[in-house]
């Protein structure tokens, strides 16, 4: 589904990515761990077609990122700590706006369907600026799903959420994970990351230093691996 080979990204003399090789299967939920400055967000920005790599290749669904940028973008949804929502618009208005951007048939019906799915029924006509952080994040998930993408990227989605909101987000992400939807998530939270993923990766200083199956780890065993790897970073 996603094949990354020799991916590099430099900003002047700073190497954000230093030769990333990564394969992600269709329907897989992969969690990417790493300290600040590891290049996780940079990797997701490249996979999302937001920025171009310095070198290397990315194939998504059989399409070359460099040649089929627009086609790839149509199949991607992005969720991060930034919601990309308009505060003065209602929840419904935000979703209809994005539905029209993606030429979604019957935008109002699709928006109403997603409002229900993310648990915001009854708040659809309220301005987003009145929402709690957790409600905004749930609406952001609806925004990312408006065009029913086959790939979802989540960049630190738990950032700023309280315990209750984080629990609700985790439950939503479990529902998103299907056999035909591929998900890549970055997070600092080991418990959250292990809870819903199939496979785990550690990225440090622009390199992948560990790959493993979630089923082979407990939180404690993975913490040991993680801190050993972080302690050895160059």
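Every number here is computed from the coordinates shown, using simple stated rules; none is lab data. Here the structure is a predicted model, which is why all the values come from computation and not from measurement. Backbone-built Cβ (ideal geometry, glycine too); neighbour counts: all protein chains shown.
Tabulated data
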{"read-out": "Degrees, to the nearest 10: 219-231 long Cα axis against longest axis of the chain", "value": "60"}
{"read-out": "Rg/Rh (Cα only; Kirkwood hydrodynamic radius) as it applies to the range 17-130", "value": "1.03"}
{"read-out": "Ranked by how many other beta carbons lie within 10 Å on average, peptides 217-223, 142-148 from highest", "value": "142-148, 217-223"}
{"read-out": "Relative contact order of the range 1-51, pairs being alpha-carbon contacts under 8 Å that are 6 or more residues apart, as %", "value": "31"}
{"read-out": "Mean separation of Cα contacts under 8 Å, 6 or more apart, over the residue count of the range 1-155: relative contact order %", "value": "23"}
{"read-out": "Shape box of the range 94-176 [Cα atoms, principal axes, largest first, Å]", "value": "36, 29, 17"}
{"read-out": "Between the range 62-106 and the range 130-188, the alpha-carbon center distance in angstrom", "value": "14"}
{"read-out": "Ranked packing of 156-162, 60-66, most packed first, by mean Cβ within 10 Å", "value": "156-162, 60-66"}
{"read-out": "Helix 163-176 axis, angle to the chain major axis (alpha carbon atoms, nearest 10°)", "value": "90"}
{"read-out": "Between helix 133-145 and the chain: long-axis angle, C-alpha atoms, 0 to 90°, nearest 10", "value": "90"}
{"read-out": "Helical mean residue ellipticity (222 nm; -39500 (n - 2.57) per DSSP H run of 4+; nearest 500) of the chain", "value": "-10500 deg cm²/dmol"}
{"read-out": "Highest-first arrangement of 67-80, 116-129, where packing means the average Cβ count within 10 Å", "value": "67-80, 116-129"}
{"read-out": "Histogram of C-alpha separations across the chain, 5 Å bin width, %", "value": "1, 7, 14, 18, 19, 16, 12, 8, 4, 1, 0"}
{"read-out": "Choice from 153, 102, 11 with maximal GNM fluctuation in the chain (Cα, 10 Å cutoff)", "value": "11"}
{"read-out": "Spin-label model distance (nm) - residue 69 vs residue 219, 7 Å beyond Cα toward Cβ", "value": "4.2"}
{"read-out": "Translational diffusion coefficient (Stokes-Einstein; Kirkwood radius from C-alpha pairs) of the range 20-86 at 4 °C, 1.567 mPa s, in µm²/s", "value": "97"}
{"read-out": "Anisotropy class of the range 130-231 from Cα gyration tensor, a/c 1.5 cut", "value": "prolate"}
